[in-house]
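The values are calculated or read from the model by the stated rules, or taken from the named source; none is laboratory data. It should be emphasised that the depicted structure is a prediction, and the values quoted were computed from it without experimental measurement. Every residue, glycine among them, receives a Cβ derived from its backbone with ideal geometry; neighbour counts consider all protein chains shown. Just so you know, the surface numbers come from the protein's heavy atoms only, side chains and all, with ligands and any DNA or RNA stripped out. Shrake-Rupley method; radii C 1.70, N 1.55, O 1.52, S 1.80 Å.
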Amino acid sequence: MNEQVNEQVNEQPDEQLSEQHGEQLGELRRELCDYGRRAAALGLVIGTSGNLSVREGDLVVVTPSGVALDRLRPEDCPVVDLGGRVVEGERTPSSETPMHLALYEATGARAVVHTHSVFATVVASTMTELPPIHYNALLLGGAVRVAPYATYGTPELARNVIAAIEGRQAALMASHGAVTIGAGLEQAFEATRLLEWLCEVYVRALGVGRPAVLTEDQLTAVIERALNG
């Protein structure tokens with residue numbers, strides 16, 4: 001786990017969270033558990049792999065380290081500030097918390113979902129990007145880039161992911177998995193599902209032949225069609 005987050009895990013909050021803010025965070029904790037269970041049920045994560053977070057103002061609720069997502073309880077999910085300091089909760093934040101915080105700073109997202117889903121990991125382990133073989137790739141911003149490999153939980157990985165996700169809602173992580181962002185957990189989670197579907201379509205298409213990649217003109221035509229109803 002990133003040293004900065006590690007050192008700050010056991011620090012106590014400077015002051016108690018307001019009751020109203022606490023209720024909001026409680027709801028986000030429950031929502032985080034719901035999506036964690038959905039991710040596990042859909043096979044997007046296995047065991048304790050993968051992590052999710054959601055931002056509320058200057059605070060972030062994140063899944064904890066070492067707890068399977070299908071066994072999460074709201075009280076298991078720590079709350080950290082944007083510097084990584086734990087302000088509420090007894091469990092250690094996910095080892096990928098530095099990446100989540102870097103994504104919030106760089107993109108303005110309000111939720112982050114990181115998974116180790118099968119087809120996304122296959123593509124991330126063999127390619128430098130997922131090309132747009134289906135027009136639904138536009139919902140993620142187009143071709144999905146693969147961030148160069150770096151050890152999990154490191155500043156280097158966070159930098160690589162930020163570069164790969166620029167102008168996109170999703171990125172793949174070489175020999176690792178996938179990460180998506182959104183205006184909330186629902187949007188980020190649906191982006192994860194779509195990314196896994198696109199990766200599966202591509203991998204299965206390779207078993208039949210060489211997948212056709214949509215051209216810029218074809219993608220532009222799709223955008224124009226959508227705009228014109």
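Between the residues Val203, Ala39, Leu52, the greatest Cα displacement towards the positive end of the dipole of the chain, with unit charges on the Cβ of Lys, Arg, Asp and Glu, is found for Val203. Per-residue 3J(HN,Hα) values for the range 39-47, derived from phi via the Karplus relation 6.51 cos²θ - 1.76 cosθ + 1.60 with θ = phi - 60°, read 4, 5, 4, 8, x, 7, 9, 10, x Hz in sequence order (x marks Gly and Pro).
Using the Karplus relation 6.51 cos²θ - 1.76 cosθ + 1.60 with θ = phi - 60°, the per-residue 3J(HN,Hα) values for the range 64-72 come to x, 7, x, 10, 4, 5, 7, 10, 5 Hz, with x marking Gly and Pro. Please compute the net charge surrounding Arg110, taking Lys and Arg as +1 and Asp and Glu as -1 over other residues with Cβ under 13 Å from its Cβ. Net charge around Arg110: -4.
Net charge dipole, the range 136-229: roughly 180 debye, given to the nearest 20, about the Cα centre with Cβ charges of +1 for Lys and Arg and -1 for Asp and Glu. Accessible area per residue for the chain is 50 Å², calculated with a 1.4 Å probe on protein heavy atoms, without ligands, DNA or RNA. Label positions at Glu90 and Ile223, each projected 7 Å from the Cα along the C-beta direction, are separated by 5.2 nm.
Residues of the range 139-161 with backbone nitrogen within less than 15 Å of a virtual label 7 Å along the Cα-to-Cβ line of Glu216, please, listed as ranges. The answer is 142-143, whose backbone nitrogens lie closer than 15 Å to the label point.
Packing around the peptides 157-163, 220-226, taken as the average count of other Cβ atoms within 10 Å per residue, puts them in this order, highest first: 157-163, 220-226.
Rounded to the nearest 0.05, what FRET efficiency is calculated for Asp58 and Leu139 with R0 set to 35 Å and r the Cβ-Cβ distance? The formula returns an efficiency of 0.75 here.
Starting from the Cα gyration tensor of the range 109-229, take the square roots of the eigenvalues, sort them a ≥ b ≥ c, and report rounded, prolate or oblate (rounded when a/c is under 1.5, otherwise prolate if a/b is larger than b/c, else oblate). Verdict is oblate for the range 109-229. According to the square roots a ≥ b ≥ c of the eigenvalues of the Cα gyration tensor, what is the shape class of the range 120-169, taking rounded for a/c under 1.5, prolate for a/b larger than b/c otherwise, and oblate for the remainder? Oblate, since a/c reaches 1.5 and b/c is not below a/b. For the range 180-192, just list the computed ³J(HN,Hα) in residue order, Karplus coefficients 6.51, -1.76 and 1.60, θ = phi - 60°, integers in Hz, with x standing in for Gly and Pro. Coupling constants for the range 180-192: 10, 10, x, 6, x, 5, 4, 5, 5, 5, 5, 5, 5 Hz.
Ligands, DNA and RNA excluded, the heavy atoms of Tyr152 present near 130 Å² of accessible surface to a 1.4 Å solvent probe.
With contacts taken as Cα pairs under 8 Å at a separation of at least 6 residues, the chain carries a relative contact order of 18 percent.
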